[in-house]
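Worksheet: one structure, shown below.
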Amino acid sequence: METKKRRTSGGKKTQDNCVIRLENVNKSYENGIPALMDINLKIEKGEFVFIVGDSGSGKSTLIKLLLRELVATSGKVEVSGYDLMNIKRNKIPMFRRKLGVVFQDFRLLKDRNVYENVAFAQRIVQVPSMDIRKNVPGILSQVGLANKYKSPIVELSGGEQQRVALARALVNKPNLLLADEPTGNLDPKSTLEIMKLLEKINEDGTTVVIVTHNREIVNDMKKRVITLKKGVIVSDEKKGGYIDED
Amino acid sequence: MKISTFFYTLKQGIASIFRNKWFTLASVATIAACLFVFGIAYILTLNAANILHNAEERVSITVFFDEGIEEKRIQDIGFLIEDMKSRGIVARYEFVSAEQAWESFSKELGENAQGFTENPLADSANYQIYLNDISRQDEVVSYLESVEGIRKINKSDLTVDALSGLSTIVTFISVSMIVILFAVSIFLISNTVTIGISVRKEEINIMKYIGATDFFVRAPFVFEGMIIGFIGSAIPLAALFYIYVAALDFIGGVFGFLSGIVVTLPPAQIFMGLVPISLLIGVGIGFFGSFFTVRKHLHV
């Protein structure tokens with residue numbers, strides 16, 4: 001039986017099987033326009049989840065809340081055991097180290113090579129240099145870039161850059177990977193490769209949450225799909241597909 | 001902070017200097033230009049103050065005694081002046097006897113002095129008083145006028161007024177220049193740093209998303225700023241040193257006849273103060289410029 005420990009005050013860590021827990025979450029921007037309304041959501045350890053919706057549906061706002069880039073107007077947001085409504089500013093870096101994050105535009109340090117980009121994530125968490133030299137080649141071979149570790153970022157294709165971003169997100173062994181439109185800038189072949197990689201990462205035990213509006217991959221993969229429309233969750237299916245606006 | 005983290009962030013700061021060559025050059029040039037002009041203002045102010053101080057030191061009050069005054073009374077007046085010296089009003093003073101006065105005057109007269117058989121300046125014994133602050137001359141003169149045994153006091157109103165006025169003008173111009181320069185340099189440096197940081201805003205964002213602490217994000221920028229500040233202050237210091245030495249040679253050669261009036265300060269005396277001040281300003285601007293500009297981008 002799973003032991004459950006929860007302490008949610010002051011942004012302190014909580015422990016249970018839930019990696020993401022949102023309760024009655026509302027988010028309005030300064031102009032008063034609501035972006036998310038009464039969101040209730042639980043994502044458990046080891047799940048592979050798509051969050052889908054068209055432009056303006058609130059999926060970007062949702063991922064920003066999960067990254068603690070934004071704070072909800074009301075409700076409860078817990079990610080990786082951190083109460084993000086009450087987390088202290090100096091604890092945010094510690095929280096983010098528990099996550100792996102991948103963006104549509106890769107967000108790599110373009111003036112550094114593949115190895116340095118991945119090693120950078122380890123430097124931040126103050127991993128000893130000797131361990132970095134061991135860990136980085138290991139993760140690069142997992143994403144299929146072992147032979148390109150010296151390559152400058154600008155010389156890589158979009159698919160390769162996203163693999164570097166994935167390697168960087170995974171090198172610190174996060175229990176949750178958040179991907180914001182990870183295939184948005186990729187061709188179909190690279191998209192497929194990246195999705196296979198994400199699936200493999202999930203099989204190895206990492207919870208994967210992908211925000212996307214790529215209908216094909218959502219429909220092909222038959223994973224849990226949460227659909228947002230105008231800031232409201234309109235569907236949450238265990239083996240769902242992309243629901244069209246119309 | 002781990003030592004390895006310190007060296008890593010320092011290394012990143014140094015690497016960033018070379019990666020962002022144009023930003024580095026612009027920042028170094030801005031700081032160097034500001035500190036160069038500041039250095040010139042500093043050197044001119046110090047030398048002007050020195051010249052004024054020297055000129056002030058030459059201004060004296062001459063106190064003549066009543067005819068037939070007793071030796072004892074002259075001594076008493078001397079004690080009063082000594083008292084003013086102990087209170088810091090008088091810098092120094094000297095007694096000039098009638099014989100010394102005539103000897104000095106007869107040298108000026110040359111051959112014309114030979115016709116005198118007796119000392120025509122028999123009643124010219126006096127105290128030459130040099131003040132620390134010539135603006136207090138009137139106060140000292142009015143005090144001495146009330147002292148018994150003093151017949152006449154000679155003072156130089158024109159010189160005092162001129163020097164006091166000049167001193168005020170030099171101080172005003174120097175302070176104004178320094179204030180304006182600081183305002184201009186802070187504006188320029190802040191702009192340069194802002195441009196440099198905005199180019200690297202994405203890098204800061206990435207660091208924050210990965211879980212970097214504010215210190216980790218900020219440290220390379222701060223190291224970079226301090227190094228840029230150091231270089232930016234060292235360059236004008238070196239340039240000013242060579243320019244100043246050359247200027248002293250030039251002044252000594254061309255205006256040698258004014259050596260009694262234009263008393264310039266030796267380079268060591270100038271740079272003993274200018275080096276730490278410039279380095280402190282340069283490194284300080286680099287430190288605070290990057291510290292506060294990065295802070296704006298840390299809330300991610």
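The values are calculated or read from the model by the stated rules, or taken from the named source; none is laboratory data. Since the model is a prediction, treat every value here as computed from it, not as a measurement. Because the Cβ atoms are built from the backbone with ideal geometry, glycine has one as well, and the counts that use them run over all protein chains shown.
Just a few scattered comments:
- Hits in the stretch A:139-175 (condition: free of Cβ contacts under 8 Å to residues at least 60 places away in the same chain, within 14 Å of chain B (Cβ to nearest Cβ), within 21 Å of the chain's Cα centre (by Cα) and surrounded by fewer than 21 Cβ atoms within 10 Å (Cβ to Cβ)): A:Lys173
- Counting only helices (runs of 4 or more DSSP H) that sit wholly inside the stretch B:1-115, those with at least 2 residues that are modelled with pLDDT under 85 and closer than 30 Å to B:Ala268 by Cβ are B:21-58.
- Of the numbered criteria (1) touching a Gly at 6+ places or on another chain (Cβ under 8 Å); (2) within 23 Å of A:Lys45 (Cβ to Cβ), the one A:Asp204 fails is (1).
- Selection of the stretch A:176-195 for residues being within 13 Å of chain B (Cβ to nearest Cβ) and crowded, with 24+ Cβ neighbours inside 10 Å yields A:Leu178, A:Ala179.
- Checking B:Asn47, B:Asn54 one by one, the residue that is buried (at least 16 other Cβ atoms within 10 Å of the Cβ) and either within 38 Å of the chain's Cα centre (by Cα) or not assigned by TED's automatic domain parsing to the domain that holds B:Ser233 (or both) is B:Asn47 and no other.
- Those residues of the stretch B:205-248 which are within 14 Å of chain A (Cβ to nearest Cβ), polar (S, T, N, Q) and either closer than 15 Å to B:Gly289 by Cα or surrounded by fewer than 18 Cβ atoms within 10 Å (Cβ to Cβ) (or both), in sequence order: B:Asn205
- Sole exception among (1) assigned to a strand (DSSP E or B); (2) of a type outside the set (Lys, Arg); (3) more than 16 Å from the chain's Cα centre (by Cα) for A:Val225, by number: (3)
- In the set B:Thr5, B:Thr62, B:Thr9, only one residue is surrounded by 14 or more Cβ atoms within 10 Å (Cβ to Cβ), more than 13 Å from chain A (Cβ to nearest Cβ) and either over 36 Å from the mean Cα position of the chain (by Cα) or among the hydroxyl-bearing types (Ser, Thr, Tyr) (or both); that residue is B:Thr62.
- Criterion applied to A:Arg68, A:Arg96, A:Arg6 was being at pLDDT below 90, surrounded by 14 or more Cβ atoms within 10 Å (Cβ to Cβ) and out of contact with any strand residue (DSSP E or B) (no Cβ under 6 Å at 6 or more places or on another chain), and the one residue passing it is A:Arg6.
- Within the stretch B:236-249, residues that are within 13 Å of B:Val275 (Cβ to Cβ) reach partners that are in a helix (DSSP H, G or I) and hydroxyl-bearing (Ser, Thr, Tyr) with beta carbons closer than 6 Å, at six or more positions or on different chains, in the pairs B:Leu237/B:Ser278.
- Matching helices (runs of 4 or more DSSP H) fully within the stretch A:58-127 where at least 1 residues are within 17 Å of A:Leu170 (Cα to Cα) and more than 12 Å from chain B (Cβ to nearest Cβ): A:114-124
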